[in-house]
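Please read the structure below before turning to the comments.
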Amino acid sequence: MRVPQRDVPAAGGVPRVHELLSAATADAYVDAMRGTVDRVAARFRTTTQPFSGASREHLQALVDAVDLDGPGRGTAAALREVDELFAQHAVWFHDPAYTAHLNCPVAVPAVAAEAVIAAVNASVDTYDQSTVGTLMERRLVAWTAGRIGFLAGGGIFTSGGTQSNLQALLLAREHALASAPGAAGRDLVVLATASSHFSVQQSARLLGLAPDAVRLVPVDEQGRMRPDALAIALRHVEEDARLPMVVVATAGTTDRGCVDPLAAIADTCDAADVWLHVDAAYGCGLLVSRTRRHLLDGVERARSVTVDFHKAFFQPVSSSALVVRHAADLRLVAHHADYLNPAGEQEPNQVDVSLQTTRRFDALKLWATLRALGADGIGDMVDATIDLAAAVHRVVGADPDLRLLSPTDLSTVMFRYQPDGLDDARADALVAQVRRVLFDSGRALVARTTVDGRPCLKLTLLNPATTVADVRRVLELVRQAAAALVEGGDLLAADAAVAR
Ligand SMILES: *Cc1c(COP(=O)(O)O)cnc(C)c1O
């Protein structure tokens, strides 16, 4: 039966069941999806810059003007509003001038699978809510574990690297407390570096560790953990009568994209019998690289690994996993509820090993992508982004107006606009202003951060379709904005310099 699309409010008290997805509304569903897909496709066809450049005041006014208590306008009108309000002013990660954060363009099969995830709405918490979906997720976890080199690994999909890291530290805490009778949370120490993701500090706080629980191990000039310094730090922990709970190594630091020396760190952790967690949220794409997998050598000796498929595998947000070397480690925090997953039940209930209860079947997107592109197909795209970054490093290095700051193992470029004669203080001040001018124009999005205590601009190149010429155009906008700021000294002049 075909139910007509209505744009008029339903009469009072009549439930609008014709907006719920069912056999009766399958045609309306097709219409809604087709219309939506057509509008999104039109955005992709016509978008020429990563952001509309609309001011926050303007966007706030648009959002505030919507009456959320008003009568329903029907699906078609609501979806037109989604397009005009959201899509029109969204930030487009696929645009070659989007170079800011760790966001990748997404694979078409993953986006299509996302539509299936939403429509079927499986929850991969208990087997009886997900059936084959749980088996597919477990297969992908086993595949990822195999790529890492875990022979009997386990794991769980999570909402992101932040949650994966939290769960890893939770498991490490339980393990440390269980293996040291009499020890308490306040005794535990987390060894990380200043380049570690902030979620490590945050997790330590959430887990109730002591305020000084996270100790920063000295790094080399590229921000990588020094194994010799780690050995010394572990000795200090012992001398202080504290207990090392975990060493967090990073495979792909958020800013510089550098990989800690995993094998040497693993040696030190083995000698001290300490849990090694490798945060590979960014660097996990190397797992499928045909030319650079060696950068992860030693990751197979970790006890837990964070991977972010939504950073390095061209997956839509959210898609991440925590993978452990011994599947049994996940059980350290298992909880059994009579109504959900009673103890002793033989079914594979993933809620037993997750921090979430109701949980999206995000694994389906990765499944579709792997089947469509093959692991090598994904890996070749990862390699292309690293090759691109290497080429851009050469371009920036050869540019007299720009200073290249730090090498990378992956795909970030850190630099500053500083022609000869421009003093450090002025160059430092320009960083935030240039980023702001470009953002306001919508024409190019770059990030800013600090390296060795000084501000700098950062490109994160995660788009294998982006060319060196594309990045040259972004650098040209940086130069124009910066030069206008230096000359005219104000943001208006710089705005005009980068306007079309
Ligand atoms: C991005 C990032 C995280 C956090 O991942 P989310 O998916 O954003 O939660 C953790 N660690 C590293 C190294 C990262 O780059």
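Are any residues in segment 91-134 among the acidic types (Asp, Glu), in a helix (DSSP H, G or I) and under 19 Å from the mean Cα position of the chain (by Cα), and if so, which ones?
Applying the first criterion (among the acidic types (Asp, Glu)) to segment 91-134 yields 95, 114, 125, 128.
Add one more test, that the residue is in a helix (DSSP H, G or I), and what stays is 114, 128.
Residue satisfying the conditions is 114 alone.
If the condition is being more than 16 Å from the ligand (Cβ to nearest atom) and among the β-branched types (Val, Ile, Thr), then segment 264-275 contributes 268, 274. Scanning segment 62-73 for residues that are in a loop (DSSP other than H, G, I, E, B) and under 27 Å from residue 46 (Cα atoms) gives 65, 66.
Within segment 357-394, the residues that satisfy the criterion of being in contact with a helix residue (DSSP H, G or I) (Cβ under 8 Å, 6 or more places away or on another chain), over 15 Å from residue 312 (Cβ atoms) and buried (at least 17 other Cβ atoms within 10 Å of the Cβ) are 359, 360, 361, 363, 364, 367, 368, 392.
Where residues in segment 261-306 are polar (S, T, N, Q) and open to solvent by less than 50 Å² (accessible area, probe 1.4 Å), which of them is farthest from residue 463 (Cα to Cα)? Across segment 261-306, the extreme among qualifying residues is 268. State all residues of segment 164-182 that are open to solvent by less than 30 Å² (accessible area, probe 1.4 Å) and in contact with a Leu (Cβ under 7 Å, 6 or more places away or on another chain); if no residue qualifies, say none. The answer is 164, 167, 168, 169, 170, 171, 176, 180.
Please specify each residue of segment 308-341 satisfying the condition of being assigned to a loop (DSSP other than H, G, I, E, B), aromatic (Phe, Trp, Tyr) and within 16 Å of the ligand (Cβ to nearest atom). Steps first, answer last, please.
Start the filter on segment 308-341 by keeping residues that are assigned to a loop (DSSP other than H, G, I, E, B), which leaves 313-319, 325, 334-341.
If we keep only those that are aromatic (Phe, Trp, Tyr) as well, we get 313-314, 339.
Residues satisfying the conditions are 313, 314.
A search for C-beta distances below 6 Å between a residue of segment 234-249 that is in contact (Cβ under 8 Å) with a residue 24 or more places away in the chain and any residue that is crowded, with 19+ Cβ neighbours inside 10 Å and basic (Lys, Arg), counting only pairs 6+ apart in sequence or on different chains, returns 245/173. Of all residues in segment 11-47, count the ones that are surrounded by 11 or more Cβ atoms within 10 Å (Cβ to Cβ), among the β-branched types (Val, Ile, Thr) and within 30 Å of residue 477 (Cβ to Cβ). Within segment 11-47, residues that are surrounded by 11 or more Cβ atoms within 10 Å (Cβ to Cβ), among the β-branched types (Val, Ile, Thr) and within 30 Å of residue 477 (Cβ to Cβ) number 2.
One line per residue, one yes/no per condition, for (1) modelled with pLDDT of 95 or more; (2) in contact with a Ser or Thr (Cβ under 9 Å, 6 or more places away or on another chain); (3) away from the ligand (no atom under 14 Å from the Cβ):
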{"site": "249", "(1), (2), (3)": "yes, yes, no"}
{"site": "259", "(1), (2), (3)": "yes, yes, no"}
{"site": "262", "(1), (2), (3)": "yes, no, no"}
{"site": "277", "(1), (2), (3)": "yes, yes, no"}
{"site": "285", "(1), (2), (3)": "yes, yes, no"}
{"site": "299", "(1), (2), (3)": "yes, no, no"}
{"site": "303", "(1), (2), (3)": "yes, no, yes"}
{"site": "306", "(1), (2), (3)": "yes, yes, no"}
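Taken over segment 135-159, the criterion of being over 25 Å from residue 290 (Cβ atoms), open to solvent by 10 Å² or more (accessible area, probe 1.4 Å) and within 20 Å of the chain's Cα centre (by Cα) is satisfied by 159 alone.
The values are calculated or read from the model by the stated rules, or taken from the named source; none is laboratory data. Note that the structure is predicted; figures quoted are calculated from it, not measured. Every residue, glycine among them, receives a Cβ derived from its backbone with ideal geometry; neighbour counts consider all protein chains shown. The area values use the complete protein model at the heavy-atom level, side chains included, leaving out ligands, DNA and RNA. Shrake-Rupley method; radii C 1.70, N 1.55, O 1.52, S 1.80 Å.
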